[in-house]
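The values are calculated or read from the model by the stated rules, or taken from the named source; none is laboratory data. Note that the structure is predicted; figures quoted are calculated from it, not measured. Glycine also receives a Cβ, built like all others from the backbone with ideal geometry; neighbour counts cover every protein chain displayed.
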Amino acid sequence: MEIKVLGAGCAKCNQLEALVKQTLQELGKEANVEKVTDFPTIMSFGVMATPALVVDGKVKVSGRIPSAAEVKSFLG
């Protein structure tokens, strides 16, 4: 599983990254979690608002921090 957290490094972006890592640990799953701060790369996903979460190349959420239950459904 390939996971990307898109954002400029703001507090919400860091919070989303921590939530993803915590959820992976709870689920007992391993994944490559990459933080993307490069704006041209972020825009290549069609994301206009950060933070955003991309799982296996698909944008799951952008412009907000999803709930823990949402993250579990994305990663489960």
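For the range 2-29, residues that are under 13 Å from residue 75 (Cβ atoms) and either modelled with pLDDT under 95 or small (Gly, Ala, Ser) (or both) total 1. Note on the range 59-69: residues that are within 14 Å of residue 5 (Cβ to Cβ) and either at pLDDT below 95 or not in a loop (DSSP other than H, G, I, E, B) (or both) amount to 4.
The set of residues from the range 40-60 being among the hydrophobic types (A, V, I, L, M, F, W, C) and surrounded by 13 or more Cβ atoms within 10 Å (Cβ to Cβ) comprises 42, 45, 47, 52, 53, 54, 55, 59.
Going through the range 1-49 one residue at a time, which ones are assigned to a strand (DSSP E or B) and either of a type outside the set (D, E, K, R) or free of Cβ contacts under 8 Å to residues at least 40 places away in the same chain (or both)? Within the range 1-49, 3, 5, 6, 32, 33, 34, 35, 36 qualify.
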